[in-house]
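The values are calculated or read from the model by the stated rules, or taken from the named source; none is laboratory data. The structure displayed is predicted, hence computed values, not measured ones. Positions of Cβ are generated from backbone atoms using ideal geometry, with glycine treated the same way; all protein chains shown enter the neighbour counts. Heads up: the accessible areas ignore ligands, DNA and RNA and are worked out on the full protein's heavy atoms, side chains in. Shrake-Rupley method; radii C 1.70, N 1.55, O 1.52, S 1.80 Å.
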Amino acid sequence: MMHKIMFSAGEVSGDMHGANLAAALKKMEPGIKMFGLGGAMMRREGVDLVADMAQYSVMGFYEVLLNVGRLLKLRSKMIRFMKTEKPDILVLIDYPDFNWRLAPAARKLNIPVFSYIPPSAWAWRKGRAKNVAKIANKIAAIFPFETDAYEAAGADIQFVGNPLLDTVKAAMNSSEAYEYFSLDSKKIHILLLPGSRKQEIEMILPVMLQAACLFKEKHSETEFHIAVAQGIDEEHLRDMAGKYGLILKFHRDRLYDLMGNCDVAFATSGTVVLEAAMMGLPSVVLYRMSKLTYCIAKLFVDVEFFSLPNILAQKKIIPELLQDNVTPENIVIAADSIMQNGREKNEAVLKSIKRKLGIPGVADRTAGLIIETADKFSSAGSVCQNE
């Protein structure tokens, strides 16, 4: 039996994880048919795009409301494809504000729902795990702390390990990296990681740039680097940096090698903070959102930390600055504190969290679960909602 897999991934990280899954599925079944919402990386691995995710990447309660019309049209388009193509399974990759409005439609069409990187029920006070458990036929978790809340809600969930274990690794030794990036060993190297969403960049990059100017005043022998995410206009970033008279080196490739040879990152909270930590690079983690989104989030989200390295360590191993605390002065103070610890101590602390992420081979294991789940419900002939 040749399987038909439908994906829904709406962010850069989801596109990467979807591409890895697609590659693993092709190895298992060379003629497999794959289609859905995704990006350039998924397309390269043979996924036929129903829609390009670059047009739909939004975050936050208020921001989703502003884009609700476009997202409803996208949902309708995806449902039409489900009805026409009749996939054996719908694979949701993160992107919860959209995906969990699409999932019930799949269930009504008797299509099983596979959740890869489920909503963060562990951080939410009420209901989220139960709502997802009613819809998802199988959940593949990428963090060990995700399983308890879902198991308590009656979900079929399995910790498969973190997919970053298969991708976050250096391609060059330190000498090769210094030559490739033209790094000066006598200088401090600061890496700016402003995020992959335009909305985040507009809110956080200006304060990063102001902090870089302040840091440069204190530490004249500093070079600044900035990572340019897929789908982000580099010229726009250059224009933003130019307003502050700051010289930056812009990078689009070999970012893990760059991470492994910088001293500190100023980073927008997200997966990239964990990627940096896995490469031994400590971050000053920053997060800002609209005031309305922040007020709503405070009502529902109950977490001690918001950056993944701290959550995994269950203690603050890197500094976090949230909302009004995201100021140039606070960023510089936090960066100086990191510098005082020394590179070797920072690396040892950060790399210790990798042990909590499972073992490599995550995409292959997850692809196997996808096929297994599709076959299970195909033979059963029903995907009735979980009780």
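Looking at the range 196-282, the GluC sites (Glu not before Pro) that sit in a DSSP loop and have at most 11 other Cβ atoms within 10 Å of their own Cβ are E221.
Relative protection proxy for 183-194, 7-18, from highest mean packing down: 7-18, 183-194 (other beta-carbon atoms within 10 angstrom).
Estimate the FRET efficiency between I247 and D156 by the formula 1/(1 + (r/R0)^6), using the beta-carbon distance for r and 51 Å for R0, to the nearest 0.05.
Working: r = 53 Å, r/R0 = 1.03.
Plugging the Cβ-Cβ distance into 1/(1 + (r/R0)^6) gives 0.45.
Probe of 1.4 angstrom, ligands and nucleic acids ignored: what's the accessible area per residue over the chain, in square angstrom?
Numbers: 17360 Å² over 387 residues.
For the chain, the per-residue accessible area is 45 Å².
For the residue pairs K4/K27; K186/K249; K198/K291; K198/K243; K187/K249; K33/K73, the alpha carbons lie more than 20 Å apart in K33/K73.
Note on the range 221-346: with charges restricted to the Cβ of Lys and Arg (+1) and Asp and Glu (-1), its dipole about the Cα centre is near 260 debye.
Report the residues of the range 242-262 in range of a label on E179: point 7 Å along Cα→C-beta, backbone N strictly under 20 Å from it. Within reach of a label on E179: 253-262. Subtracting the Cα-Cα distance of K169 and Q199 from 0.36 nm times their residue separation leaves 7.9 nm of extension gain. Computed extension gain for C213 through R254, at 0.36 nm per residue and net of the alpha carbon distance, reaches 12.2 nm.
Accessible area per residue was computed with a 1.4 Å probe on protein heavy atoms; C295 scores about 70 Å².
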